[in-house]
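The structure appears right after this line, and notes come after that.
The values are calculated or read from the model by the stated rules, or taken from the named source; none is laboratory data. Computed from a predicted structure; not experimentally measured. Positions of Cβ are backbone-derived with ideal geometry, glycine not excepted, and every protein chain shown enters the neighbour counts.
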């Protein structure tokens with residue numbers, strides 16, 4: 001007779017089961033570890049050896065500058081359109097390395113100005129109506145295309161951030177923005193932006209210039225008295241050529257512009273800038289930001 005195999009007891013079966021579980025757990029852990037090592041190795045290799053077809057956003061590198069951007073806000077297109085100025089200014093900016101966003105007058109709303117700093121423009125040309133808000137502080141308003149209403153922007157009206165402006169006493173009213181709006185209601189900040197404010201009285205007083213500088217702009221260029229649309233168009237075209245293309249300092253560019261076009265023949269206004277120390281600045285083509293000329 002064959003000897004019968006003695007059956008394993010309950011304790012033995014439990015120990016065997018535990019060993020099998022331990023072996024399975026070890027195998028799973030080892031498999032996961034190998035998978036992690038393999039994936040990590042693949043990712044490291046891909047990072048160090050990018051595919052030839054892979055593109056890298058230049059804005060995400062430290063070695064390449066961001067693309068230069070400029071804006072032309074043409075509020076005067078509603079009342080004094082000038083296609084020649086639009087084309088001349090746009091071509092000059094593009095020649096200097098900028099991509100250009102052009103905004104017709106209808107786009108110049110309160111919300112447009114509120115978000116203007118968020119677009120990262122290196123230069124902003126404001127071809128706009130503006131005027132003194134006589135007898136009140138702040139004294140200057142830049143026109144928007146939005147009809148005025150007592151029931152809109154109530155808090156900003158109460159705090160003199162937006163005001164009622166008009167072309168003539170009998171004409172319709174529009175919303176205008178003030179230095180207080182630039183300081184407190186605009187979102188974000190400018191990054192060494194050059195502001196060319198082509199409207200009337202932009203630098204009769206310095207409050208608007210100070211507001212833009214406080215908001216991060218590098219320099220603010222405008223007129224010390226009223227100015228006609230034709231004269232500001234001509235002067236700004238010359239200024240951009242000298243400053244952006246010929247790389248003259250701001251002081252030199254303004255001086256050359258005055259020699260070529262003079263003061264406004266009707267209002268005797270002069271093109272000036274703020275702050276005065278910005279006169280020694282020049283545009284560097286590689287960055288689009290002003291830098292002191294050696």
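Details
- Scanning the range 83-103 for residues being outside any helix (DSSP H, G or I), touching a residue at least 40 places away in the same chain (Cβ under 8 Å) and buried (at least 18 other Cβ atoms within 10 Å of the Cβ) gives a total of 2.
- Lone unmet requirement of (1) modelled with pLDDT under 95; (2) touching a helix residue (DSSP H, G or I) at 6+ places or on another chain (Cβ under 8 Å) for residue 185: (1)
- Residues (surrounded by fewer than 20 Cβ atoms within 10 Å (Cβ to Cβ) and within 14 Å of residue 275 (Cα to Cα)) located in the range 167-203: 192
- Some residue of the range 241-261 being under 25 Å from residue 122 (Cβ atoms), buried (at least 22 other Cβ atoms within 10 Å of the Cβ) and free of Cβ contacts under 8 Å to residues at least 24 places away in the same chain: yes
- Count - residues of the range 224-235 that are crowded, with 24+ Cβ neighbours inside 10 Å and in a helix (DSSP H, G or I): 2
- In the set (1) touching a helix residue (DSSP H, G or I) at 6+ places or on another chain (Cβ under 6 Å); (2) farther than 17 Å from residue 76 by Cβ, residue 240 fails one condition alone, (2).
- Unique match (being under 26 Å from residue 95 (Cβ atoms), in contact with a strand residue (DSSP E or B) (Cβ under 8 Å, 6 or more places away or on another chain) and in contact (Cβ under 8 Å) with a residue 24 or more places away in the chain) among 217, 209: 217
- Yes/no for residue 221 being in a strand (DSSP E or B), more than 16 Å from the chain's Cα centre (by Cα) and crowded, with 24+ Cβ neighbours inside 10 Å: yes
- The residues in the range 182-201 that are part of a loop (DSSP other than H, G, I, E, B) and closer than 25 Å to residue 250 by Cα can be counted, and the count is 9.
- Residues of the range 157-196 that are touching a residue at least 40 places away in the same chain (Cβ under 8 Å) and farther than 18 Å from residue 123 by Cα: 162, 167, 175, 176, 177, 178, 179, 180, 181, 185.
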